[in-house]
Amino acid sequence: MKYRVLFRVDSGKHIGLGHLIRCLSIAKALDPSRFEVTFACRKHVESNYSFFFTNTPFSLIELSSSSINASIGSLAYNSWLGVSELEDFEETFLRLENFEQKFDFIVIDHYALGLKWEQKAINFTKKLIAIDDLGNRKHVAHCVIDPNFGSFEDKFKGSVEDYTKLYLGAKYSILKEGFSLVREKSVNSNLEKKLEKVLINLGGSGDLSRLEILIDSLKRTRFKGHFVVLVNNKKFVDNRNRFEKDERFSFVDFIDDMVPFLSEFDLVIGAAGGSFWERGCLGVPSVLLKVAENQNVVTDSLKNRFPELVFDNINQMCSEIGKVISSFKNIEYKQKVVRSISSLVTGLGLANIVTEVFSQEVFRLREAKVEDALVVYGWQSFPGMRKYFRNPEIPKLEEHLSWFKDSVEKIEKRSVFIFETTYGLPLGVVRYDIENSNVAEVSILINPFFHRNSLGARALIALANQQKKMSFKAYVESENVASKKAFLRAGYTQIGERSFYLGSRE
């Protein structure tokens, strides 16, 4: 029998598309052979949600229409529904088939749905999950996910139950799997590329006048590259001919897959919504315009590092945009921005949520192949990666290829595994050498583009579960705090200043 999952989320002119997109990303990451997914969405002005359910296995329950016609940031959050929380709950469950049967999971991602809705919903599910990046309302949910960079437990102090488990910070940023797959290549590319192609994207919905003002300002800049404007507003699309007279501009109405599309650009001028995390994952620099109060977390993340790239209103942005674009012609400045923003989010948040919240395993070990050698060499050659190695010198490529081939094919007492996601993203390498009987020394190296995701501990646990008869020992330099934490989290005991041990599990 499949697990039943209900998502309650809306989109609209006054809401944007971000909440819907991140819920769809979670739903698409769930194994359809194990999970049966239903979405409940209310019809708002410019909600645009039906398109996103084309060619998906998900059921869609459409709630009655609201008459709200406002732009992003112009309404208080508790006015976003158009009905009361209790009315929304009753309509949602009246429209569901077999609602008497408990859902295994109910996910709420809505600023206007809080304690009253949750107090009802918790009786209809085994696990109630609230996605809340504001921290401005109380919860009785079993889990609260706040995927914003820098989130901390004090943000929810006094507003959650003792049993509520918190999943906080960029480790749980909700980006679809494709972003992590191209992250390493994209970040490296953006460190080298010159500024030639700029994307303008002010979000899924909003004030059309902002976009027109921005384009008029960009037309007056001396930038000789190419501006691409992403816009889904039909009124603007129908009247865009007045902007197309400038050959530097082209317009795109809709993008089906943002991953390869974003990778084409050297800079994005955009709203400070969830798409900032997508750009950060790929190392694409951003100039941000704040269009709503809930974007403070995003703008603060960048403002603390590069205040010159964050603007509170369109007029302020337009007065400085020419100078800002020119600053990215300096490759050293661009590289500084790329390194900084790409460190904020790695793109594994979705895998972490699916594993930890929905108990669907996304990580695995597989036996290494000779063709994995170049990938592992790239990790070893990354600046600072061999700092705590017994031999900190980077080997020559020929030496590494020979060593790796022998390790995989010839050395009987050595086993090498690649730690990866089930969708094929390589995250690390684990090796052990048998010393006597069932005792082996283990070593581990994690892909430097995916640090801060507890991957070391995950990989060591996967190895321990796979080789239960084996006892493992490891040597870790005392200054290598991250590795020491990984071994301890994986169940190892520290038996000396640098020694760790894990006994047989059988």
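For every other residue with a beta carbon closer than 9 angstrom to the beta carbon of Leu81, add +1 if it is Lys or Arg and -1 if Asp or Glu, then tell me the sum. Display every interim value, and only then the final one.
Working: positive: Arg42; negative: Asp10, Glu85, Glu87, Asp88.
Summing Lys and Arg as +1 and Asp and Glu as -1 gives -3.
Which is farthest toward the positive dipole end of segment 131-216 among Tyr172, Val144, Leu195, measuring Cα position about the Cα centre, with Cβ charges +1 (Lys, Arg) and -1 (Asp, Glu)?
Most positive-ward Cα: Leu195.
Using 1/(1 + (r/R0)^6) with R0 = 60 angstrom and r between the beta carbons of Ser402 and Glu97, what's the FRET efficiency to the nearest 0.05?
Numbers: r = 62 Å, r/R0 = 1.04.
About 0.45, to the nearest 0.05.
Students often get this wrong, so check it: of Lys28/Lys120; Lys43/Lys127; Lys369/Lys410; Lys197/Lys323, which have C-alpha atoms separated by over 20 Å?
Working: Lys28/Lys120 27 Å; Lys43/Lys127 26 Å; Lys369/Lys410 12 Å; Lys197/Lys323 16 Å.
Table pairs above 20 Å Cα-Cα are Lys28/Lys120; Lys43/Lys127.
For segment 114-147 and segment 396-425, compute the distance between their C-alpha centroids and round to whole Å.
Centre-to-centre (Cα) distance: 45 Å.
Rounded, prolate or oblate for segment 177-342? Axes are the square roots of the Cα gyration tensor eigenvalues, ordered a ≥ b ≥ c, and the cut-off for rounded is a/c under 1.5. Mind dumping the intermediate values first?
On the way: a/c = 1.32, a/b = 1.29, b/c = 1.02.
Judged from the Cα gyration tensor, segment 177-342 comes out rounded (a/c under 1.5).
Normalised by the number of residues in the chain, what is the relative contact order in percent for Cα pairs under 8 Å and 6+ residues apart?
Numbers: 916 pairs, mean separation 54.8, N = 506.
For the chain, the relative contact order is 11 percent.
Per-residue counts of other Cβ atoms within 10 Å, averaged by peptide: what ranking do you get for 344-357, 1-14, highest first? Provide the component values of the computation, followed by the final result.
Values: 344-357: 23.7, 1-14: 21.2.
Answer by packing, highest mean first, reads 344-357, 1-14.
Between the alpha-carbon centers of segment 170-227 and segment 253-315, tell me the distance in whole angstrom.
Distance between centres, Cα-based: 7 Å.
Listing Lys176, Lys468 from the residue with the fewest other Cβ atoms within 10 Å to the one with the most, what is the order? Walk me through the numbers before you get to the answer.
Numbers: Lys176 20, Lys468 9.
The most exposed by this proxy come first: Lys468, Lys176.
Measuring from label point to label point, each 7 Å out along Cα→Cβ, what is the Val481 to Lys219 span in nm?
5.4 nm
What list do you get for Glu497, Glu196 if you sort them by fewest beta carbons within 10 Å?
On the way: Glu497 9, Glu196 12.
If I rank by nearby Cβ atoms, fewest first, I get Glu497, Glu196.
Among all the lysines, which ones have a C-alpha under 27 Å from Lys484's C-alpha, if same-chain residues fewer than 8 places away are not counted?
Here the lysines satisfying the reach criterion relative to Lys484 are Lys165, Lys171, Lys387, Lys413, Lys468, Lys469, Lys473.
By the scheme Lys and Arg +1, Asp and Glu -1, what is the net charge of all other residues having a beta-carbon under 14 Å from that of Val187?
Numbers: positive: Arg183, Lys185, Lys193, Arg279, Lys334, Lys336, Arg339; negative: Glu184, Glu192, Asp266, Glu278.
My count for the surroundings of Val187 gives +3.
Rounded to the nearest 500, what is the chain's calculated 222 nm mean residue ellipticity when only DSSP H runs of at least 4 contribute -39500 (n - 2.57) each, over all residues?
Working: 16 runs with 160 residues, N = 506.
Calculated from helices alone, the mean residue ellipticity at 222 nm is -9500 deg cm²/dmol.
Using just the C-alpha positions of the chain as equal point scatterers, what log10 of I(q)/I(0) does the Debye formula give at each q in 0.05, 0.07, 0.08 1/Å?
Cα-only, vacuum Debye calculation for the chain: -0.22, -0.44, -0.57.
Go from 0 up to the bin containing the longest alpha carbon distance in segment 362-502, width 10 Å each, and give me the % of pairs per bin.
11, 43, 39, 6
Please give the FRET efficiency for Glu361 paired with Arg489, using the beta carbon to beta carbon distance and R0 = 22 Å, rounded to the nearest 0.05.
0.80
In the neighborhood of Glu506, defined by Cβ-to-Cβ distances under 11 Å, what is the net charge if each Lys or Arg adds +1 and each Asp or Glu adds -1?
On the way: positive: Lys468, Lys469, Arg505; negative: none.
Neighbour charge sum, excluding Glu506 itself: +3.
How would segment 398-462 be classified by its alpha-carbon gyration tensor: rounded, prolate or oblate, with rounded meaning a/c under 1.5 and the a/b versus b/c comparison settling the rest? Mind showing how you got there, number by number?
Values: a/c = 2.23, a/b = 1.38, b/c = 1.61.
Here segment 398-462 falls in the oblate category.
What list do you get for Leu94, Leu425, Leu20 if you sort them by fewest beta carbons within 10 Å?
Leu94, Leu425, Leu20
Would you work out which of Leu365, Met317, Ser483 lies farthest towards the positive end of the dipole of the chain? Charges go on Cβ: Lys and Arg +1, Asp and Glu -1.
Selected residue: Ser483.
Where a number appears in this text, it was derived from the coordinates with a stated rule and is not lab data. All of these numbers come straight from a predicted model, not from anything done at the bench. In this analysis, Cβ positions are derived from the backbone assuming ideal geometry, glycine residues included, and neighbour counts consider all displayed protein chains.
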